[in-house]
Number of protein chains: 2
Amino acid sequence: MTDFAATKALFHLPDGVIYLDGNSLGPLPRSTPDRVARTLRDEWGEMLIGGWNQAGWMGQPMELGDRIGKLIGAESGHVALGDTLSIKVFQALAAALAMTERKVILSDSGNFPSDLYMAEGLLGTLERGHSLRVVDPEAVADAITDDVGVLMLTQVDYRTGRMHDMADLTAKAHAAGVICVWDLAHSAGAVPLDVAGCAADFAVGCTYKYLNGGPGAPAFIYVAPRHARTARPALSGWLGHDAPFAFERSYRPGEGVARMRVGTPPVLQMAALEASMDIWDTVDMQALRRVSIRLTERFIEGIEARCPGLTLVSPRDAARRGSQVSFCHPEGFAMMQACIGHGVVGDFRAPDIMRFGFTPLFIDERDVDAAIAVVARVLEERLWDDPRYQVRSTVT
Amino acid sequence: MTDFAATKALFHLPDGVIYLDGNSLGPLPRSTPDRVARTLRDEWGEMLIGGWNQAGWMGQPMELGDRIGKLIGAESGHVALGDTLSIKVFQALAAALAMTERKVILSDSGNFPSDLYMAEGLLGTLERGHSLRVVDPEAVADAITDDVGVLMLTQVDYRTGRMHDMADLTAKAHAAGVICVWDLAHSAGAVPLDVAGCAADFAVGCTYKYLNGGPGAPAFIYVAPRHARTARPALSGWLGHDAPFAFERSYRPGEGVARMRVGTPPVLQMAALEASMDIWDTVDMQALRRVSIRLTERFIEGIEARCPGLTLVSPRDAARRGSQVSFCHPEGFAMMQACIGHGVVGDFRAPDIMRFGFTPLFIDERDVDAAIAVVARVLEERLWDDPRYQVRSTVT
């Protein structure tokens, strides 16, 4: 049982900040700096090249994979860490396409753009007449036709928080002979997941959002056990080889998902992720989900009561929503800048969406009430008219 | 002018260790732990999501690219950091193949296996009748025939230290209409380089060896300015998009080499690399090369004089050798373990090669003499007969 009153103390949160952007970059666990310093001084500094064995660096991608696997309902030994989410999307999609003769990849307009971009890059490289069919999120179920080879979706929409029913869509897809690639970027650590129970073929995700692995933390990939010996790695790097240090002349894929490893693991990022996973190992995802729903419902209710100019773009039904709430407003950009200036950190997604993430490990009902009060004040006093909130920078 | 007597103090080297493996994993710069701690506490901890702009995380891949660019003789703005070397090899090779109708990739048996594996994976994905032709290093020049589309080589052989003449082979290749992809893993920070002067088409490399970026440090990619607007990214991730935060529905490649960025940069690894680049910014590569040659020649002379059982497998001519020296011996594995046990850290590469890297930033002539004495003692006293040196582990 997770004590969410206690977990808040495990994170560093700057004074005066209510951080509702843990869905974009999770905050720093208090234990992370010491953990990383240990890797730097005691491992890299003292063991030098020996750290790969003595400090277990080489095994981290699979060990951390197992810890994340528990959060997403994966079978043990079927998740590997490494690279970035875009790379993992490419790997999963390339492996899926190699399993089917069909030429259509089905996705939706709520998918994260990089997933669609990586698909475009892969199809442009393949030049074999594949096409990417992008439909509205609501139209996905009906678009699973028997010319579709792969269904590639992000479960929780990064802008609206709308959540697909993974079990239902996967079952529909399988009934039509379609292979499923699920992106869990906004799901892992946000909602209970059961990739094994859903019979997902491939799943990928990142660890710097809800999982607090830090900026640039590695991504993960899950390959269903039934595909583990046949999935063909398009990115066949040495650490996915069956015997990386035999330096054989030809590639032989490693056992299971280990073949999806590519190059040298980012040891410092892995160390930071270990520190946050020490927290996540103790989290009951069902309990977390209950708190998450309570927080998001309270926020929606409060904003709608006090900020009539804001329009909810997240599903009102909590069962169809991840752990974020989005509202739109034509002046959303400046409005969010004003909120940030007044200590409520959410973020903005073009053209007009203000996103607020609710992460029970460090956000409680008092934070929600305080955030509502700030957003209401920004609106009532038109604080967003201040010209300094109008200047756009590259990342918001 | 670099003062190599002074640079040694900038690195942490464990007591009693002569570290001749900086060609595999460079040692820890003393400034790195504080630099990384600052990124953790002052940037991630305090700025949270704002770190992408305020701390400049988003710009690091290009800024660090420029600093590395100076070491490899690249034009400013044409090197990007990110991912792992295997991924960068894939990107360069895929872009090169898209520029030619020819179907043969020429490489050599001295290339690092992962480069060949990544090529296999790419060709298997393309399924367009390409083939990978692997010849002996000495046969490369004559194998540049007009059916070859891409010449893909690692300049310095990871096992023997043999160094290709990059300018000469690139000129020969261009005369035959062949595009060149150079892997500089064992060259960057080891020998003076001039990718622009050589007219290399693509170059890639890693930063955790001679450049001291730490375990899992990011890789780099150079795209010649003449290809910068046409090179097609196969791995078309959002951070290579012309406007990553516009979240457009389709991919549009960014300006120049920035299109070779893929996903979120590994910020902690970038911070560590910044610390080591503060040292590298001051290094005169011509001066370093002179010292490197002096050290390697002294080592060869000393070992050959005192260890008749060891056979030199590196080129004797310094002009044809990188910054490492390799000797072979049937009992090389146990022998290297015994050397490590007695404070001289080199490494072993199957089947019988003992590698010793000479990195003037922290290795001097006294170290060379002391290392020779240890290797000689291991041989004379058959210290490698000790059973504890016979046990093989995964990484050596």
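Taken together, the values in this text are just the output of simple stated rules run on the coordinates, not laboratory data. None of these values were measured; they are calculated from a predicted model. Using ideal geometry, Cβ is built from the backbone for each residue, glycine included, and neighbour counts are taken over all protein chains shown.
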### Query
Looking only at Cα atoms, what is the convex hull volume of the range A:134-277 per residue, in Å³?
129
## Note on the structure
Note on chain B: helices (DSSP H) long enough, at least 15 Å by alpha carbon along their axis, and hydrophobic enough, mean Kyte-Doolittle at least 1.0, are B:85-97
#### Entry: Size-normalised alpha-carbon gyration radius of chain B, reference 2.2 N^0.38 Å
1.00
### Summary
So, in nm and shortest first, the distances from B:Ala9 to its counterparts in the other copies, with label points 7 Å along Cα→Cβ, work out as 4.5
### Summary
Inter-part gap, Cα centre of the range A:176-199 to Cα centre of the range A:252-300, in whole angstrom, is 14
### Inter-probe distance in nm under a simple model that places probes 7 Å from Cα toward Cβ, at A:Asn53 and B:Asn53
4.9
## Note on the structure
Between B:Asp369 and B:Phe247, the two model label points (7 Å from Cα along the beta-carbon direction) sit apart by a distance in nm of 6.6
### Query
For label points placed 7 Å from Cα toward Cβ, what is the shortest-first list of nm distances from A:Lys70 to its copies?
4.8
### Query
Which order do peptides B:258-264, B:47-53, B:82-88, A:12-18 fall in by mean Cβ count within 10 Å, highest first?
B:82-88, B:258-264, B:47-53, A:12-18
### Summary
In whole Å, largest first, the alpha carbons of the protein assembly as shown cover along the principal axes 87, 53, 51
#### Entry: Top of A:Ser107, A:Ser76, A:Ser326 by mean-square fluctuation, Gaussian network on chain A, Cα under 10 Å
A:Ser76
### Query
Can you give the Kirkwood hydrodynamic radius for the range A:277-396, in Å, rounded to one decimal and based on Cα pairs?
14.9
## Note on the structure
homo-copy label distances at A:Asp147 (7 angstrom along Cα-Cβ), nm, one dp, ascending, are 3.9
### Task
Report relative contact order for chain A in percent, whole number only (criteria: Cα-Cα under 8 Å, sequence separation at least 6).
22
#### Entry: GNM flexibility winner over chain B from B:Ser114, B:Ser250, B:Ser314 (Cα, springs under 10 Å)
B:Ser250
### Task
Could you check what % of the DSSP bridge pairs in the range A:32-280 are antiparallel, to the nearest 5?
40
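Over all residues in A:87-96, what is the mean tally of Cβ atoms on other chains that come within 10 Å of each residue's Cβ? Show your work: numbers first, answer last.
Values: counts 8, 1, 2, 8, 0, 0, 0, 3, 0, 0.
Across A:87-96, the average partner-chain Cβ count within 10 Å equals 2.
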### Message
For the pairs A:Lys8/A:Lys70; A:Lys172/B:Lys103; B:Lys70/B:Lys172, flag any whose C-alpha to C-alpha distance is greater than 32 Å.
### Response
A:Lys172/B:Lys103
## Note on the structure
Once phi for every residue in the range B:344-353 is put through the Karplus expression 6.51 cos²θ - 1.76 cosθ + 1.60 (θ = phi - 60°), the whole-Hz ³J(HN,Hα) values, with Gly and Pro written as x, are 9, 9, x, 8, 10, 10, 4, x, 8, 9
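How do A:Leu93, A:Leu268 rank when sorted from fewest to most other Cβ atoms within 10 Å of their own Cβ?
A:Leu93, A:Leu268
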### Query
To the nearest whole number, what is the average tally of beta carbon atoms from other chains within 10 Å of the beta carbons of peptide B:338-349?
1
### Query
Roughly speaking, what is the centre-to-centre gap between the range A:95-111 and the range A:325-383 when only Cα atoms are used, to the nearest Å?
36
### Message
Pick from A:Gly110, A:Gly26, A:Gly56 the residue whose mean-square fluctuation is largest in a GNM of chain A, springs joining Cα atoms under 10 Å.
### Response
A:Gly56
### Task
Evaluate peptide A:79-85: per residue, the Cβ atoms of other protein chains within 10 Å of its Cβ; return the mean as an integer.
4
### Task
Take the Cα coordinates of the range B:151-212, assign each an equal point scatterer, and use the Debye formula without solvent to give log10 I(q)/I(0) at q = 0.12, 0.13, 0.20, 0.21 Å⁻¹.
-0.27, -0.31, -0.71, -0.78
### Summary
Expressed in nanometres to one decimal, the distance between label points 7 Å along Cα→Cβ at B:Arg316 and A:Asp165 is 7.8
